[in-house]
Every structure is written in structure tokens, then in C-alpha cells.
């Protein structure tokens, strides 16, 4: 069953009309109708709206039970408790820049999004208590991370051991960068988009630089 058929079945299981579904994910009826009819590809804003409304990514529709963080009920989970089957991961309202330092830490917490624990263990192999979600706000990590993509970050990884994509703070600015360790005191900040440059920094000269976590999942459904 393809994703559009899964979506149609899911909408019917929630006893929603298409217009009601569109309103629930904060998009126009015409825009959602074009997606559901196959005239338009499923967009990032559709995925974000679906996730915010129902508490899990649309890509996981087949594996995850339809449950919304704000509309949780025992009936939705067959009587199982939230703590038994699901974990809440905070969505931070942080404007994270993967390019120039133009985005500043904003209001902190946005919402809690709900994920099945078995999916987190199978796909991410991380403690849910160490995870948070934020949005990339620029294009300088493309094609790896597209503008407005949602990222799952493991905050327990707070130092650079192997090369990877990390979230770091520099003063009041939040950055998303590929980081390579050059020496015990020097790291290289890399933008995957060649239009942006690289930067080597000595940590001893920049005490305001803090590693906030490592990006372990990109919202397109691709583990890194």
C-alpha cells in the first residue's frame, strides 16, 4: 500500500473529512487535496503539520499507531499507557542556522512529539531522554539537510569524537555544522553546501562554543 493510500485510510480511521484533516495540520484544503490526489508531492510543511497534529512522522504511518500528544487516550493505544509504549521528545523553538550566524536562540520549548519506543530503539538506538528536535533554517547544509527539515539530536553526544553533523552554540547563536576534529584543541566547521565556506576554530580561544548534541536523524526519514 503506497503512502497516499495509507494516508486516506488513516484519515478515515480518524473520522475526518479532508477539509477537517487539512485544518488539523494547519494547511489549506486545496493544498492538501492536491497532495492526497497525487497532483503534488508530500512537502516538508505537510510532514511538519502531520507530525505536530498526530505525534509521529507520516513516513512511519504503517509502523506507528495514530496518536496525538494532545489527544492521547488509552483507547488509541489499546489500553497501554503512554510511558509503556511511547516516549515524548521535545520540539525546541530554536532558529538554528546551518550557515551564517544570523539566527538567534528564541523561545525554548515548542511542544512534545510522541514516538513509539520500539521505533526509537530500532532506528536510532538512543535513550529517548537524551533526544530533542529542532528545525534547520537555512540551505547551507544542503543537499544533506534541506531548508526547514526537522532534525532529531542526541544531546548526550556533547564532544567531538568522530566526524558528523552537530548542533552547537556560539554565544547566543545556534549552528548546525558538519564538524571534523583536527586536533585536541582545533575543530573544523563545514557546510555541505559548497556555496558556503569552512572554518577552523581553536576551542581554547572560543570558550563560548558548546556542543549541544549530534544530529542522528533527518526528518526525510533518512538515518545518518
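Taken together, the values in this text are just the output of simple stated rules run on the coordinates, not laboratory data. Please read these numbers as outputs of a predicted model, since none were measured by experiment. Quick reminder, even Gly has a Cβ in these numbers, built from the backbone with ideal geometry, and neighbours come from all protein chains shown.
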Cβ-derived FRET efficiency at R0 25 Å, residue 188 paired with residue 122, nearest 0.05: 0.15
Rounded Å value of the spacing that divides the Cα centres of segment 149-205 and segment 22-54: 33 Å
Simple spin-label estimate for residue 169 and residue 155 in nanometres, 7 Å along Cα-Cβ: 1.0 nm
Packing-based order for 194-206, 48-60, using average beta carbon neighbours within 10 Å, highest first: 48-60, 194-206
nm² value of the averaged projected area, convex hull over the Cα atoms of segment 143-224: 5.5 nm²
